[in-house]
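The structure under discussion appears below in the form of structure tokens.
The values are calculated or read from the model by the stated rules, or taken from the named source; none is laboratory data. None of the values given here were measured: they were computed from a predicted structure. Backbone-built Cβ (ideal geometry, glycine too); neighbour counts: all protein chains shown.
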């Protein structure tokens, strides 16, 4: 299974449209981790999972989603309700509570992927306003390829170019 994970486009609809158009047929599902600043009724969000970010004012996106896929359970939230700026403890407790094997979140605008206690924690970074060590890339999203033995995470730039030095493969 392949999942496209993106976050924090902050009103840049064109970048979402381009990335979705290029990848939608090659992934099992698309997850948007919040702060789209677009309408919940935007046609871009049909057949996708989208959560409410702290800048999604007046919209009625869910705060969190839990979705089963075969042997996987994906849990997604924006991250602000779990204080992810200060660590992943609260988020990991929620992930364990819902039985997640994949936890996707945004909010910090900093990409990261870590595999702890049989769970992947992934922040795709911000596609429009990146922060941190990899902000020079100009924005990132991720594709997560999952099978029974491995979880493969590849980060991509706004130009849909893979960033080989950020590729991570986790053994299960």
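Taking into account only those residues within segment 140-154 that are touching a strand residue (DSSP E or B) at 6+ places or on another chain (Cβ under 7 Å) and touching a residue at least 60 places away in the same chain (Cβ under 8 Å), which is farthest from residue 32 (Cα to Cα)? Filtering segment 140-154 for residues that are touching a strand residue (DSSP E or B) at 6+ places or on another chain (Cβ under 7 Å) and touching a residue at least 60 places away in the same chain (Cβ under 8 Å), the one farthest from residue 32 (Cα to Cα) comes out as 146. Here residue 127 does not fit the description of being within 16 Å of the chain's Cα centre (by Cα), surrounded by fewer than 22 Cβ atoms within 10 Å (Cβ to Cβ) and touching a residue at least 24 places away in the same chain (Cβ under 8 Å). Candidates 137, 129: the one that is in contact with a strand residue (DSSP E or B) (Cβ under 9 Å, 6 or more places away or on another chain) and more than 19 Å from residue 29 (Cα to Cα) is 137.
For segment 7-15, the criterion of a residue being more than 16 Å from residue 123 (Cβ to Cβ), modelled with pLDDT of 95 or more and in contact with a helix residue (DSSP H, G or I) (Cβ under 8 Å, 6 or more places away or on another chain) is satisfied by at least one position.
With a requirement of 2 or more residues that are without any contact (Cβ under 8 Å) to a residue 40 or more places away in the chain and touching a strand residue (DSSP E or B) at 6+ places or on another chain (Cβ under 7 Å), the strands (runs of 3 or more DSSP E) lying completely within segment 1-88 that satisfy it span 29-32, 64-69, 72-77.
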